[in-house]
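Q: So that we are looking at the same thing, I have put the structure below in structure tokens.
The values are calculated or read from the model by the stated rules, or taken from the named source; none is laboratory data. Fair warning: this is a prediction, and the values are worked out from it, not measured in the lab. Virtual Cβ from ideal backbone geometry, glycine too; neighbours counted across all protein chains shown. Surface accessibility is based on the protein's heavy atoms, side chains included, excluding ligands, DNA and RNA. Shrake-Rupley method; radii C 1.70, N 1.55, O 1.52, S 1.80 Å.
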Amino acid sequence: QVVLVESGGGTVQAGGSLRLSCAASGRTFSSYAMAWFRQAPGNEREFVAAIKWSGTTTYYAESVKGRFTIGRGNAKDTVYLQMNSLKPEDTAIYYCATETTRQRNKPSRAPEDYDVWGQGTQVTVSA
């Protein structure tokens with residue numbers, strides 16, 4: 001089993017930046033794609049960004065394109081989400097997730113396709 005742990009959440013003013021990190025442990029060779037999702041109170045969980053574990057191509061929701069960057073971290077088996085120009089509507093719990101059951105040409109944007117999730121980290125952006 002793969003275990004994911006997020007870190008880096010916090011409170012920031014609009015226009016500020018945060019960098020989230022997701023560390024994977026366990027059977028990491030079974031992880032084919034890594035993704036970030038977020039969920040605000042009363043809302044559905046929504047796709048934010050994704051990267052294939054062994055690749056470099058990145059994928060983003062339109063709402064964050066140009067502001068957020070996903071990439072592999074310098075430490076082994078880590079991914080990050082650099083969030084710039086944050087807006088109050090970015091406020092949510094952010095989760096990292098991985099799909100271990102199949103390898104896709106492009107990472108899925110559907111949360112139901114991901115079988116391992118981190119515990120989540122709160123991001124709050126004040127107006």
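Q: Relative contact order for region 57-127: what is it in percent, counting Cα pairs under 8 Å that are at least 6 residues apart?
A: The normalised contact order for region 57-127 reaches 31 percent.
Q: Among GLU99, GLU89, GLU112, which one moves the most in a GNM of the chain with springs linking Cα atoms closer than 10 Å?
A: The residue with the greatest mean-square fluctuation here is GLU112.
Q: Determine the sum of side-chain charges near TRP53: Lys and Arg each +1, Asp and Glu each -1, restricted to other residues whose C-beta is under 10 angstrom from that of TRP53.
A: 0
Q: While we're on this one: How much length is gained on full extension from THR28 to ALA40, taking 0.36 nm per residue of separation minus their Cα-Cα distance?
A: Stretched fully, the THR28-ALA40 segment lengthens by 1.5 nm.
Q: Ignoring solvent entirely, what values of log10 I(q)/I(0) come out of the Debye formula for region 5-47 at 0.17, 0.23, 0.27, 0.28 Å⁻¹ when each Cα is a single scatterer?
A: Results for region 5-47 at q = 0.17, 0.23, 0.27, 0.28 Å⁻¹ read -0.70, -1.03, -1.12, -1.13.
Q: Here is a further query. Most mobile of ILE93, ILE70, ILE51 per a Gaussian network model of the chain (Cα springs, under 10 Å)?
A: ILE93
Q: I would also like to ask the following. Quick one: pull the percent of accessible area on the chain belonging to carbon and sulfur, 1.4 Å probe, ligands and nucleic acids left out.
A: Values: 2960 of 6430 Å².
In the chain, the share of accessible area belonging to carbon and sulfur is 46 percent.
Q: Something else now. In a GNM of the chain with a 10 Å cut-off on Cα contacts, which of PRO111, PRO88, PRO41 has the highest mean-square fluctuation?
A: The residue that fluctuates most here is PRO41.
Q: How big is the Kirkwood radius of the chain, worked out from every pair of different alpha carbons and given in Å to one decimal?
A: 14.4 Å
Q: Still on this structure, please answer the following. First select every other residue whose beta carbon is under 15 angstrom from the beta carbon of SER126; then total the charges, Lys and Arg +1, Asp and Glu -1.
A: -1
Q: Shifting gears a bit: So what are the ³J(HN,Hα) numbers for region 50-64, from phi and the Karplus equation (6.51, -1.76, 1.60; θ = phi - 60°), rounded to whole Hz, Gly and Pro as x?
A: Karplus-based 3J(HN,Hα) across region 50-64 equals 8, 8, 6, 4, 9, x, 10, 5, 10, 9, 9, 5, 4, 5, 10 Hz.
Q: Oh, and also: Pairs of Cα atoms under 8 Å, at least six residues apart: use those to get the relative contact order of the chain, whole percent.
A: Working: 313 pairs, mean separation 45.2, N = 127.
Relative contact order for the chain comes out at 36 percent.
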